[in-house]
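The structure under discussion is supplied below as structure tokens; questions concerning it will follow.
The values are calculated or read from the model by the stated rules, or taken from the named source; none is laboratory data. Note that the coordinates shown come from a computational prediction; the quantities given were computed from them, not determined experimentally. We place every Cβ from the backbone using ideal geometry, glycine too, and count neighbours over all the protein chains shown. What goes into the accessible areas is simple: the full protein's heavy atoms, side chains included, and nothing from ligands, DNA or RNA. Shrake-Rupley method; radii C 1.70, N 1.55, O 1.52, S 1.80 Å.
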Amino acid sequence: MKITQVSAARLLSLDLIDSSSDDPAEVVRRLACVQAQALPGALVSVALRLRQPSVAVVRAAIEAGDIVRSWTQRGTIHFAAAEDIGWILALTAPRLIRSQTARREHFGVSEEMLERAAGLAESAISTRGPLSREDLLAEFAPLMHGVGDGEEYGRERYLITTLAMRGIIVQSGFAADRDELTYILRDRSGDTGIDAETALSEWMRRYVLSHGPVTVDDAARWTGLPKTPIRAALRAAVDAGEIVATDIDDREHFQAPDLDDRLGEGEAQSQAMLLLPGFDELILGYKDRSQTLAPAHEKAVVPGGNGMFKNTVIDGARARGTWKRSPKKTGPRVVVEPFAGESVDLDRAEAIAESHPAFG
């Protein structure tokens with residue numbers, strides 16, 4: 001594989017071309033985790049990987065509890081399959097929780113306070129059922145006494161995220177009449193006690209098969225874990241024949257054993273235009289995204305480097321511009337802003353919008 005083919009190969013690995021699944025939970029399970037900071041876009045990202053793209057089908061899987069949302073890696077919220085969330089958090093949460101010690105202390109979040117918050121959450125959810133963020137925070141009101149002016153949000157944030165990273169609560173199901181996920185108690189009945197080495201090997205196997213070609217740096221950045229165990233897990237998967245290592249542009253990459261063959265058969269399809277939500281794994285799933293998004297265009301996608309990613313137009317396996325839904329009730333559905341030096345076929349973009357799950 002040539003370096004210029006990497007983005008096309010990733011489109012195939014990510015099931016953005018020729019999707020075959022009808023099950024949103026299967027999509028999330030295969031991708032290992034799905035960035036879900038922007039909920040509407042995350043729903044679309046999963047929907048685009050279904051044979052018949054539908055946000056309603058994705059929402060139904062969340063309502064059923066098959067897909068949950070939590071702070072799985074890098075301190076960022078992701079979708080995960082419900083049966084996987086326990087062992088994923090066991091891999092990532094201890095390191096994340098340690099890294100946030102100073103911030104928790106700054107907001108007065110002590111171990112005793114966390115234990116009280118866990119008890120309040122467990123009692124309220126057991127009695128009342130799923131709670132919105134607002135309702136959960138109301139239960140934490142006794143813990144808010146003495147918080148300094150302007151610091152309420154910080155204490156609220158670290159109470160919720162720490163309980164989530166400890167696997168006590170997750171988000172699953174929508175609040176009535178709102179596009180907001182509720183908090184429930186994590187179902188621990190399916191916890192298998194998988195050891196860390198086996199868990200990381202499984203996570204890396206899924207990541208490579210669903211995102212490849214990837215490097216050790218990509219995998220370490222995506223998981224937020226150190227390179228040494230990542231490298232060992234990848235090498236074990238190669239030795240087991242589950243993935244292969246290959247040199248691309250004189251750098252070691254890892255991918256599915258059949259990816260080169262799939263690329264030969266599907267490269268023409270990978271050149272099609274796609275309208276992706278801002279936080280899609282094609283952009284967020286790698287440390288080095290330059291084969292899809294040119295560094296010169298990064299600022300157009302992440303203005304000010306503030307971590308908020310705009311929707312991207314992908315054409316010829318490259319990001320060519322950004323897009324958004326038109327606010328007008330008549331006329332074109334989609335508004336496109338091509339990058340400097342790029343052009344986008346607006347008629348093609350409009351044709352895609354006609355059946356795109358973001359416009360349903």
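Most mobile of I62, I248, I88 per a Gaussian network model of the chain (Cα springs, under 10 Å)?
I248
S110 versus D179, label points 7 Å from Cα toward the beta carbon: distance in nm?
4.2
Beyond a 32 Å Cα-Cα separation, which of these cross-linked pairs lie in this structure: K227/K310; K2/K227; K287/K328; K287/K329? Before the final figure, lay out the partial values.
Working: K227/K310 29 Å; K2/K227 25 Å; K287/K328 37 Å; K287/K329 39 Å.
Among K227/K310; K2/K227; K287/K328; K287/K329, the Cα-Cα distance tops 32 Å for K287/K328; K287/K329.
Moving to a separate point now. For R98 and E337, calculate 0.36 nm times their separation in residues minus their Cα-Cα distance, and state this gained length in nm to one decimal. Don't jump to the answer; show the numbers that get you there.
Numbers: separation 239, 0.36 × 239 = 86.04 nm, distance 4.16 nm.
Between R98 and E337, full extension yields an extra 81.9 nm.
Something else about it: Which of the trypsin sites (Lys or Arg not before Pro) across the range 77-171 are loop residues per DSSP, with 16 or fewer other Cβ within 10 Å? All intermediate terms of the calculation are to be shown ahead of the outcome.
On the way: sites: R95, R98, R103, R104, R116, R128, R133, R155, R157, R166; in loops: R166.
Those satisfying the criteria are R166.
How much of Y183 can a 1.4 Å solvent probe reach, expressed as accessible area in Å² and rounded to 10?
10
How many angstrom lie between the Cα centre of the range 306-350 and the Cα centre of the range 48-100?
Cα centres, the range 306-350 to the range 48-100: 28 Å.
Can you send over the solvent-accessible area of V58, 1.4 Å probe, protein chains only, in Å² to the nearest 10?
Number for this one is 0 Å².
How much accessible area does L225 have with a 1.4 Å probe, in Å² rounded to the nearest 10?
We get 20 Å² for L225.
Out of L48, L234, L143, any idea which swings most in a Gaussian network model of the chain, alpha carbons joined below 10 Å?
Looking only at L48, L234, L143, the largest GNM fluctuation is found for L143.
Report, ordered by chain and residue number, the aspartates and glutamates lying within cross-link reach of K324, taken as a straight Cα distance under 12 Å and ignoring same-chain residues fewer than 8 apart.
E337, E350
Please express the shape of the chain as an equivalent ellipsoid: the semi-axes are the square roots of 5 times the eigenvalues of the C-alpha gyration tensor, given largest first in whole angstrom.
Details: eigenvalues 238, 130, 73 Å².
Calculated on Cα positions only, the semi-axes equal 34, 26, 19 Å.
For an R0 of 51 angstrom, estimate the FRET efficiency from the Cβ-Cβ distance between E26 and A138 and round to the nearest 0.05.
Numbers: r = 36 Å, r/R0 = 0.71.
With R0 = 51 Å, the Cβ-Cβ based efficiency is 0.90.
Rounded to the nearest 10 degrees, what's the angle between the helix 152-165 long axis and the longest principal axis of the chain, both from Cα atoms, 0 to 90?
So the inclination is approximately 70 degrees.
With the chain treated as a Gaussian network of Cα nodes joined by springs under 10 Å, which of S54, S326, S70 yields the largest mean-square fluctuation?
S326
Once Lys and Arg get +1 and Asp and Glu get -1 on their Cβ, which of I194, A164, A138 lies farthest toward the positive end of the dipole of the range 124-211?
I194
May I pose another question? According to the Kirkwood expression over distinct Cα-Cα pairs, how big is the hydrodynamic radius of the range 1-156, in Å? Walk me through the numbers before you get to the answer.
Numbers: mean 1/r = 0.0555 Å⁻¹.
That comes to 18.0 Å for the range 1-156.
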